[in-house]
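Let me begin by presenting the structure, written as structure tokens, before commenting on it.
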Amino acid sequence: MPPSQCFPGFALLALDRAAHHSIASRSLLALPHTPRFSTSAPRYGPPPRKGMVAPPKRGTKTLNVKKGKSSPSRDTTKRPAPGDRKALRKRIVLSNNNALEVPTLQDLHKDTVLSGENEGLVKGLPEDVVDALRAVEAFKPTQGWRLFRRPAILMRKETTLLAALFREVEGTANGQAKMTVRKVLIGERMSGKSTMLLQGLTMAFMRDWVVVNLPDAKDITIAHTEYAPLPGSQPTQYTQDIYTANLLSQIAKANQSILGNLPVTTNHSLPIPLPSKSTLKQLAELAITNPEASWPIFVALWKELTQPGRPPIMLAIDNLSHIMRNSEYLSADVKPIHAHDLALVRHFVDRLAGKTPLPNGGMILAATSGSNAPTSPALDFSIQVAEARQLNPESIPQWNPYKNVDQRVMECLKDVGVLKVAGLTKAEARSIMEYYAASGMLRAQVTEPFVTEKWSLAGMGNIGELERVSVRLRV
Amino acid sequence: MVQVFGFNFPEQTLVKRLLETFYGIGPKVSQRIMARYHIYPFAKVGGLKNAQVLELNAELSNMKIENDLRREVQDNIRRLKDMGTYRGRRHAMGLPVRGQRTRTQITTARKLNKIERGGLGRVQM
């Protein structure tokens with residue numbers, strides 16, 4: 001670019017002077033030759049490439065709509081810490097400060113919990129039982145405990161049946177073999193099977209039984225916890241150390257008053273030393289610090305509990321169909337492991353099948369689930385058979401010979417009894433709705449037509465639906 | 001950090017993911033390896049026992065993965081090329097090898113069909 005085309009700037013004179021040494025000392029106004037401001041380059045140069053615009057002036061605000069790392073629209077809020085979301089999802093809320101205290105609500109009492117007089121009444125759960133139930137994860141996040149001031153249960157017809165079974169177990173005369181009740185709770189979705197299980201656990205806690213509750217069979221079989229083959233088992237069984245350790249800590253916490261008073265009587269060959277004169281609670285708590293030894297500890301604890309003179313045992317599981325099929329675990333030769341090959345499940349299933357009875361008596365209770373139940377044709381069929389056996393023994397259904405049968409499941413449920421959790425009667429519905437109204441959660445007069453309406457809307461007294469239409473659904 | 005097969009992995013990495021970072025291990029092979037050592041599908045590296053890490057290392061060092069496998073694949077392609085076969089030439093040109101049309105849609109071939117297939121690999125510690 002020739003200098004003659006350019007417009008010289010005054011301010012640059014001093015700089016340009018350096019180029020012209022000969023005149024620099026004499027003339028301040030000598031014309032410079034180097035251009036400092038020119039529009040020619042952009043005018044004659046190639047057009048600017050797209051996306052290569054000059055950056056904005058410092059301090060000006062610009063609209064930045066670019067996607068990507070530095071764009072301001074990116075969500076910069078703090079993420080919840082690992083485990084926070086799950087904790088929120090699994091949170092159990094057992095009280096509602098906005099609900100009214102029900103003055104007529106009476107707590108269950110140890111002496112009367114098994115009596116038939118409670119039928120049709122809503123009863124409160126004593127605080128220590130609530131703590132124990134919470135420790136064994138008997139409350140489920142989907143249940144409506146968070147709606148009321150404190151946990152209370154309706155003693156329905158099925159509860160009375162269950163209580164009668166408890167009385168039978170406890171009433172076995174000395175010298176006779178102690179009775180073991182084995183029941184599967186069945187019923188429609190939201191008919192209160194898990195709550196019935198909770199009621200069973202409540203009775204067991206109040207009658208000073210030892211309670212072992214597997215809160216959800218799904219957790220055992222969906223392969224979310226560590227597993228390892230049990231050495232020396234034929235065919236191979238698999239132990240789940242972390243899960244078992246957690247279960248043992250739950251057992252120790254929930255039954256602390258009973259286990260704390262029972263001493264260890266036999267010598268167990270445990271991989272870790274057990275202090276002498278320790279109690280069963282200490283034995284169970286040993287697993288918390290040594291999860292790798294949790295299975296031998298569980299076996300030892302069970303052996304202790306089945307010694308003569310020990311309290312009856314309540315063994316319960318929810319969501320039964322998950323353990324009546326193949327688990328998600330894989331064996332060493334990449335074959336699915338049947339749930340019954342998991343040591344803990346095997347332990348439960350053997351008792352449910354009646355293969356190993358409980359010497360001190362007790363109850364094995366399993367609840368099916370209506371909402372999260374993988375198909376298990378053998379379980380469905382066994383339940384049908386058990387129902388038919390109770391109702392009309394003349395016509396027992398036959399297995400379709402063209403279908404594959406899971407023989408182990410059939411074997412296990414061969415002679416198990418079922419307890420059908422059906423809809424509430426209108427009297428029971430009225431009782432619980434009066435409790436809803438007294439809690440201030442149902443703002444209506446509980447009259448006969450109102451109860452009938454809601455009872456019908458709830459599919460003939462399905463308690464989950466009844467709660468939904470009368471408490472949860474506010475119109 | 002846990003070292004497996006010469007690479008460091010943070011504790012919170014899934015074992016499945018760890019295995020599948022290696023050239024030559026995909027979903028099936030990782031499932032097989034994990035089942036063999038009784039590692040559950042959602043296991044994280046931090047949760048592995050020391051013995052399991054050693055077993056994994058031993059298993060991986062006996063397998064043809066990473067650079068060994070890359071070399072084998074590259075050698076196979078180079079052999080085709082050196083013999084002057086059509087397949088070798090197509091590989092060298094980065095074009096489809098098995099008679100596909102080349103008018104459109106040959107991005108996969110462009111991406112994969114090279115003499116140095118699989119790249120140079122990661123650098124081991």
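Throughout, read-outs are computed from the coordinates displayed, never taken from laboratory work. It should be emphasised that the depicted structure is a prediction, and the values quoted were computed from it without experimental measurement. Virtual Cβ from ideal backbone geometry, glycine too; neighbours counted across all protein chains shown.
Compute the whole-percent fraction of alpha carbon pairs in the stretch A:287-385 spaced more than 18 Å apart.
For the stretch A:287-385, the share of Cα pairs beyond 18 Å comes to 58 percent.
Dipole of the stretch A:426-472 (Lys/Arg Cβ +1, Asp/Glu Cβ -1, origin at the Cα centre): which of A:Leu466, A:Thr452, A:Ser431 lies farthest to the positive side?
A:Leu466
For the charge dipole of the protein assembly as shown, defined by +1 on Lys and Arg C-beta atoms and -1 on Asp and Glu C-beta atoms about the Cα centroid, which residue among A:Pro271, A:Leu342, A:Tyr329 has the Cα displaced farthest towards the positive pole?
Comparing the listed Cα positions along the dipole, A:Tyr329 ranks first.
Could you give the angle, 0 to 90 degrees to the nearest 10, between helix A:193-206's Cα long axis and the longest principal axis of the Cα atoms of chain A?
Tilt relative to chain A: about 60 degrees.
Check cross-link reach from A:Lys403 to the aspartates and glutamates: straight Cα distance under 19 Å, and skip same-chain residues fewer than eight apart.
In chain and number order, the partners are A:Asp380, A:Glu411.
Given +1 on the Cβ of Lys and Arg, -1 on the Cβ of Asp and Glu, and no further charges, what dipole in debye does the protein assembly as shown carry about its Cα centre, rounded to the nearest 20?
My answer is approximately 4660 debye.
With +1 on each Lys and Arg Cβ and -1 on each Asp and Glu Cβ, how big is the dipole of the stretch B:2-62 about its Cα centre, in debye rounded to the nearest 20? Each step should come with its number before you reach the end.
On the way: 7 positive and 4 negative charges, 38 e Å.
It comes to approximately 180 debye.
With unit charges on the beta carbons (Lys and Arg positive, Asp and Glu negative) and the dipole taken about the Cα centre of the stretch B:1-104, which residue among B:Gly88, B:Ser30, B:Asn8 sits farthest to the positive side?
Value computed over the given set: B:Gly88.
What is the protein assembly as shown by shape, rounded, prolate or oblate, if you read a ≥ b ≥ c off the alpha carbon gyration tensor as root eigenvalues and call it rounded for a/c under 1.5, prolate for a/b larger than b/c, and oblate otherwise? Mind dumping the intermediate values first?
Numbers: a/c = 2.56, a/b = 1.82, b/c = 1.40.
It is prolate, given that a/c is not under 1.5 and a/b is the larger ratio.
Measure nothing fancy, just the Cα-based angle from helix A:241-254's long axis to the longest principal axis of chain A, in degrees from 0 to 90, nearest 10.
So the helix axis and the longest Cα principal axis differ by about 60 degrees.
Would you list, by chain and number, the lysines whose Cα falls below 21 Å from the Cα of B:Lys49, excluding same-chain residues fewer than 8 positions away?
B:Lys16
On a 0 to 90° scale, report how tilted helix A:157-170 is relative to the longest principal axis of chain A, with both axes built from alpha carbons and the result rounded to the nearest 10.
Orientation of helix A:157-170: about 60 degrees from the principal axis.
Give me the lysines in straight-line cross-link reach of A:Lys355: C-alpha distance below 19 Å, same-chain residues under 8 apart excluded.
Of all the lysines, those that pass the test against A:Lys355 - Cα under 19 Å, at least 8 places apart if same chain - are A:Lys178, A:Lys183, A:Lys303, A:Lys414.
About its Cα centre, how strong a charge dipole does the stretch A:298-393 have in debye, to the nearest 20, once Lys and Arg get +1 and Asp and Glu get -1 at the Cβ? Mind showing how you got there, number by number?
On the way: 8 positive and 8 negative charges, 57 e Å.
Charge dipole, the stretch A:298-393, about its Cα centre: 280 debye, nearest 20.
Cross-link list A:Lys420/A:Lys454; A:Lys335/B:Lys114; A:Lys86/A:Lys426; A:Lys140/A:Lys335: which exceed 27 angstrom alpha carbon to alpha carbon?
Working: A:Lys420/A:Lys454 22 Å; A:Lys335/B:Lys114 38 Å; A:Lys86/A:Lys426 38 Å; A:Lys140/A:Lys335 33 Å.
Correct reply: A:Lys335/B:Lys114; A:Lys86/A:Lys426; A:Lys140/A:Lys335.
So what is the diffusion coefficient of chain B in µm² per second by Stokes-Einstein at 37 °C and 0.692 mPa s, using a Kirkwood Rh over Cα pairs?
Numbers: Rh = 16.5 Å.
The estimated diffusion coefficient comes to 199 µm²/s.
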